Amino acid sequence: MIEEANTPCRPTPEARRQQILDAACDCVRQAGFHGASMAEIAKAAGLSVGQIYRYFENKEAIIAAIVAQDLAEMREKFAEMESRPATWSTRSPSTCPRPSTSASTLAAPP
């Protein structure tokens, strides 16, 4: 009988990319874009700098991927909001009740 080797599961390339993006977000929040080095991003991700370069050409590519991901999430949220039935905030101004403003309410007190 042949026993299967107990090899740890490797993360998928997409999971590894997400791991790097998450670490980069944390580093940029703490140190800013210019302050977040590839070495710090690698350390936060638990990877070597060389491993990061397998997935991203440079730090700018990491930031571009973060922005693309954020934009996709926002588009999804906007699409979800557009598909919902109209609420009071989406009514036209002519159908919203307006507070009455009479001359007596605007006059200065005696």
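See the values below:
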{"quantity": "Any hit, the range 12-31, residues being surrounded by fewer than 18 Cβ atoms within 10 Å (Cβ to Cβ), of a type in the set (A, V, I, L, M) and out of contact with any helix residue (DSSP H, G or I) (no Cβ under 9 Å at 6 or more places or on another chain)", "calculated": "yes"}
{"quantity": "Cβ-Cβ under 6 Å pairs, at least 6 apart or on other chains, the range 32-48 side surrounded by 14 or more Cβ atoms within 10 Å (Cβ to Cβ), far side small (Gly, Ala, Ser)", "calculated": "41/23; 41/24; 42/48; 44/23; 45/23"}
{"quantity": "Qualifying residue in the range 68-84 (condition: assigned to a loop (DSSP other than H, G, I, E, B), at pLDDT below 95 and surrounded by fewer than 10 Cβ atoms within 10 Å (Cβ to Cβ))", "calculated": "yes"}
{"quantity": "Pairs where the first residue, in the range 6-29, is farther than 18 Å from residue 58 by Cβ and the second is of a type in the set (A, V, I, L, M, F, W, C) and surrounded by 18 or more Cβ atoms within 10 Å (Cβ to Cβ), C-beta under 7 Å, 6+ apart", "calculated": "26/44"}
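The values are calculated or read from the model by the stated rules, or taken from the named source; none is laboratory data. Computed from a prediction, not measured in an experiment: that's the story for all the values here. Note that we place each Cβ from the backbone using ideal geometry, even for glycine, and neighbour counts take in every protein chain shown.
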